[in-house]
Amino acid sequence: MSIELKNVSYTYMPGTPMERQALHDISLTIREGTFTAIAGHTGSGKSTLIQHLNGLLQPTDGTVLVDGVNINARDRQGRGAAKLARGSVGMVFQYPEQQLFEETVAADVAFGPRNQGLSGEVLEQRVRAALALAGLDYEAFGNQSPFQLSGGQKRRVAIAGVLAMQPRYLVLDEPTAGLDPRGREALMETVARLRQGSGGCPPMTIIFVSHSMDDILRLADELIVLDRGRLVLSGSPEVVFREKDILRKAGLEAPELTVLLDSLRATGLPVPAGARNRREAAAAIRQALLSHKEAGLC
Amino acid sequence: MLSSITIGQYYPGNSLLHRLDPRVKLLLLLAFMVEIFVFTAAPAYAVLSAMTLLLMLNSGVPLKIIMGSLKPLWWIIAFTFLIHLCSTPGDAFAQVWIFALTWEGAARGGLICLRLVLLILLSSLLTFTTSPLKLTDAMEALLRPFKGLGVPAHELAMMMTIALRFVPTLIEETDRIMKAQQSRGVDFSEGSLLKRAQNMVPILVPLFLSAFRRADDLALAMEARCYRGGEGRTQMKALRVSQIDFVAVGAFLLLTVLLAALYFYTV
Ligand SMILES: Nc1ncnc2c1ncn2[C@@H]1O[C@H](COP(=O)(O)OP(=O)(O)O)[C@@H](O)[C@H]1O
Ligand SMILES: [Mg+2]
């Protein structure tokens, strides 16, 4: 099971003076169970790309397969497939709190599953589970107006609204934009939990647009780098972050951690590769220092 | 789908029409329109059509794009023609059900449709060659003499500038909210009329909320920069009448004389 893009190109407003090609011939596969990060400078086409994953945008050229089903056919069947894909590919847009509209948090979260035809006990169960996954207590928040909540809480409600549809793939477009550091940290923890599967919920495939290279290094299995609508790099973050020149051309920098370990290595300290967070980096540096000491070099 | 709507259809360029002072352009357009209504003789219309075509060619805007402005109105034009074709008494050349189609009707309908087409083309030429900002400046300048009569010239112009500025933003926002709700399973293209009306709620509520928020922010930002209405306010790019404007007015007066002569000669 996977989402597959084959030679996808997309042009905004074709045939007008404002015509603009946002994606050029993109082919990629997102396997189920992975955590895929998408990085790129502002305007590189990240948001355009992810809107192809559940059929919100139809490619100008090429095809998108979700679990082997083409969601781009223009006939009835194709439209049906696109609609089904929206059930299995959940989409959390940038600033998702702006889509809230119901009077209570519970009603807003129930909107998605209700559109799927659920009601009664099952629906309520879904809402409870989704709010819990997003880190909100049903008893405390369920009956509040979403508009009275704080920014971070609103965002969690919006994410719960997508989780309540129980998608197998979850797409998040810069989910931490505009949050304070603590809110950002908490949200990333939630995302990591969703990926593992928790609270009786199966693990989710995460597709994650981010500007934070540190988050990407820490969490992602796969990294896709876009530059002006072209796919310029893809692979595991450790491998991709070694391509400093291509990254710089794409307007990105390797994460602080990678830069630090690389410069340590440049001074001759044999730091092993593969550290993905601060703790692992510390352990790696300690190990390198110890082996250095044993060899009597310092 | 929403992105196909263009409001403020300015087409940047450096043609004669682009360089004309917007106040002069606006007044000449009004005068031109009046002439279209006054000189309703075939030879005069030939000259008017030729003039319009000349202006279109001069503007540097692709003809296809200018003609595109007729598209939303073509059925009104066709309907007008049909009405005249069927309802004008005269020499019938065909009979359809209870309607007699007459040569006089065809001629009259053709003339009135031509008038409509010319009016549409000329006014879209104005918006193609004048940026919305200049257009509102011109309106403010032209309304200023009526301030004594209580016309809030500056306020009207400022409102229009702000509205024009936010149309694309709101379109973009609507597009985004629609996509977000579509991702939550709403299908805007299916269901009964009632269902479709209900489907507007999840779009309109967030849209209004964000519009109010934006209005609030904007008011605050304007106040923070000491905006206090039009009294004593000067412009960074003041409008200035130049040589081409005099040439344009002169050419227009000549045209008027020609049209008047043609009209009185034929009538
Ligand atoms: N609705 C739209 N209409 C026209 N052009 C657009 C639209 N959305 C995005 N674009 C253009 O497509 C390009 C890619 O945009 P986007 O996918 O939003 O980039 P990113 O999310 O990486 O910042 C940009 O150049 C942008 O100007
Ligand atoms: Mg984006």
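Just a few scattered comments:
- From the list A:Gly268, A:Gly251, A:Gly229, the lone residue that is more than 26 Å from A:Leu170 (Cβ to Cβ) and within 16 Å of ligand 1 (Cβ to nearest atom) is A:Gly251.
- The listed residue being away from ligand 1 (no atom under 13 Å from the Cβ), on the phi > 0 side of the Ramachandran plot and either within 14 Å of chain B (Cβ to nearest Cβ) or in a loop (DSSP other than H, G, I, E, B) (or both), out of A:Gly87, A:Gly62, A:Gly55, A:Gly80: A:Gly55
- Selection of the stretch A:145-171 for residues being more than 14 Å from chain B (Cβ to nearest Cβ) and either exposed (fewer than 14 other Cβ atoms within 10 Å of the Cβ) or under 16 Å from the mean Cα position of the chain (by Cα) (or both) yields A:Ser150, A:Arg156, A:Arg168.
- The residues of the stretch A:90-144 that are within 12 Å of chain B (Cβ to nearest Cβ) and on the phi > 0 side of the Ramachandran plot, listed by number, are A:Tyr95, A:Gly117.
- Flag if B:Thr256 is polar (S, T, N, Q), over 28 Å from the mean Cα position of the chain (by Cα) and within 30 Å of B:Ala46 (Cβ to Cβ): no
- Residue among B:Leu209, B:Leu204, B:Leu220 that alone is away from chain A (no Cβ under 11 Å) and of a type in the set (A, V, I, L, M, F, W, C): B:Leu220
- For the stretch B:70-84, the criterion of being touching a Pro at 6+ places or on another chain (Cβ under 8 Å), within 14 Å of chain A (Cβ to nearest Cβ) and either assigned to a helix (DSSP H, G or I) or surrounded by 12 or more Cβ atoms within 10 Å (Cβ to Cβ) (or both) is met by none of the residues.
- Failed condition for A:Gln98, given (1) open to solvent by 40 Å² or more (accessible area, probe 1.4 Å); (2) away from ligand 1 (no atom under 16 Å from the Cβ): (2)
- Residue match in the stretch B:227-242 (condition: within 11 Å of chain A (Cβ to nearest Cβ), within 26 Å of the chain's Cα centre (by Cα) and surrounded by 11 or more Cβ atoms within 10 Å (Cβ to Cβ)): no
- Elements of type helices (runs of 4 or more DSSP H) contained in the stretch B:93-204, each with 2 or more residues being within 16 Å of ligand 1 (Cβ to nearest atom) and surrounded by 17 or more Cβ atoms within 10 Å (Cβ to Cβ): B:153-183
- Filtered by the rule that a residue be in a helix (DSSP H, G or I), surrounded by fewer than 17 Cβ atoms within 10 Å (Cβ to Cβ) and hydroxyl-bearing (Ser, Thr, Tyr), the stretch A:257-298 gives A:Ser263, A:Ser291.
- Subset of the stretch A:13-31 that is farther than 12 Å from A:Pro59 by Cβ, in contact with a strand residue (DSSP E or B) (Cβ under 9 Å, 6 or more places away or on another chain) and open to solvent by less than 70 Å² (accessible area, probe 1.4 Å) - its residue that is farthest from the other protein chains (Cβ to nearest Cβ): A:Leu28
- Inside the stretch A:150-181, residues that are within 16 Å of ligand 1 (Cβ to nearest atom) and closer than 22 Å to A:Cys201 by Cβ make up a count of 5.
- Condition met for A:Phe101 (in a loop (DSSP other than H, G, I, E, B) and of a type outside the set (A, V, I, L, M)): yes
- Unique residue being in contact with a helix residue (DSSP H, G or I) (Cβ under 7 Å, 6 or more places away or on another chain) and of a type outside the set (Val, Ile, Thr) when the list is B:Ser210, B:Ser242: B:Ser210
- Out of A:Thr42, A:Thr36, sole residue that is among the β-branched types (Val, Ile, Thr), closer than 26 Å to A:Ala254 by Cα, part of a loop (DSSP other than H, G, I, E, B) and away from chain B (no Cβ under 11 Å): A:Thr42
- Which numbered condition A:Ile38 misses (of (1) more than 16 Å from the chain's Cα centre (by Cα); (2) within 13 Å of ligand 2 (Cβ to nearest atom); (3) open to solvent by less than 10 Å² (accessible area, probe 1.4 Å)): (1)
- Residue that is more than 16 Å from ligand 1 (Cβ to nearest atom), in contact with a Ser or Thr (Cβ under 8 Å, 6 or more places away or on another chain), open to solvent by 10 Å² or more (accessible area, probe 1.4 Å) and not basic (Lys, Arg), where the choices are A:Asn70, A:Asn115: A:Asn70
- Given (1) away from every other protein chain (no Cβ under 14 Å); (2) acidic (Asp, Glu); (3) within 16 Å of ligand 2 (Cβ to nearest atom), index of the condition A:Glu174 fails: (1)
The values are calculated or read from the model by the stated rules, or taken from the named source; none is laboratory data. Note that the structure is predicted; figures quoted are calculated from it, not measured. Virtual Cβ from ideal backbone geometry, glycine too; neighbours counted across all protein chains shown. Surface accessibility is based on the protein's heavy atoms, side chains included, excluding ligands, DNA and RNA. Shrake-Rupley method; radii C 1.70, N 1.55, O 1.52, S 1.80 Å.
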